[in-house]
Amino acid sequence: MALTQQISEDLKLAMKAGDKTRIDTLRMVRAQILEFEKKGGNPEMTPDDELSLLSTAVKKRKESIEQYEKAGRMDLVAQEAAEVAIITEYLPKQMDKADAERIIYAIIEQSGAVTSKDMGKVMPLIMKELKGKIDGKTINEIVKTKLV
C-alpha cells in the first residue's frame, strides 16, 4: 500500500479513536505529501521520495526537541517526541549501530579511504547503501572515528 493510502487509512482510524496527536501528525504528513505531489512534475511519489519526506520530518522534530530542552519546555518536548514516534512507524526498521559499523567499515576498506580527506569519497557510497536505515548523524560519527 502506498504511503498516501496508508496515511489516509490511519488518519480515519485516529479520527474514530479521537487521538488528537495522531490526527494532527498524520494531517501534517499528508499535507507534506500533497505539497510534494503538486510541486514536482512527477505526480507519483517514489519510495525514495517517501523515505526522504518522512526522514526530514523526523529530523526537524528531533532538532526541535533539542531546542525545547535547552529552553526548558518539557511540554513541547513531549509533544514533539510523540510526533517522532508516530512518523517513525512509517519508516523502515532502523539498523543498529553495530551492523552499520560493519557495513561502513567494509565500504571504507573497499574504497581505499584512509584519512578524513577521503570522507567525501566514501560518504556518497555509504549513504547510498544505508539511506533510511540509520540516521545520517550516526553514520557521520562512525566514519569520523574510522577515518583519522
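Laboratory data are not the source of any read-out in this text; all were calculated from the coordinates shown. Remember, predicted model here, so these are calculated numbers, not experimental data. Note that we place each Cβ from the backbone using ideal geometry, even for glycine, and neighbour counts take in every protein chain shown.
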Original post:
Angle, helix 119-130 long axis vs. longest principal axis of the chain, Cα atoms, 0 to 90°, nearest 10?
Top reply: 50
Original post:
Percentage of Cα-Cα pair distances in the stretch 34-78 greater than 12 Å, rounded to whole percent?
Top reply: 67
Original post:
How big is the C-alpha Rg of the stretch 3-88 next to the rule-of-thumb value 2.2 N^0.38 Å, as a ratio?
Top reply: 1.17
Original post:
Which peptide among 63-72, 22-31 comes first, and what is the full order, when sorted by highest mean count of other Cβ atoms within 10 Å?
Top reply: 22-31, 63-72
Original post:
Helix 47-71 versus the longest principal axis of the chain: what is the Cα-based angle in degrees, 0 to 90, to the nearest 10?
Top reply: 90
Original post:
So how tilted is helix 3-17 from the main axis of the chain? Cα-based, degrees 0 to 90, rounded to 10.
Top reply: 50
Original post:
In a GNM of the chain with a 10 Å cut-off on Cα contacts, which of Ala57, Ala82, Ala106 has the highest mean-square fluctuation?
Top reply: Ala106
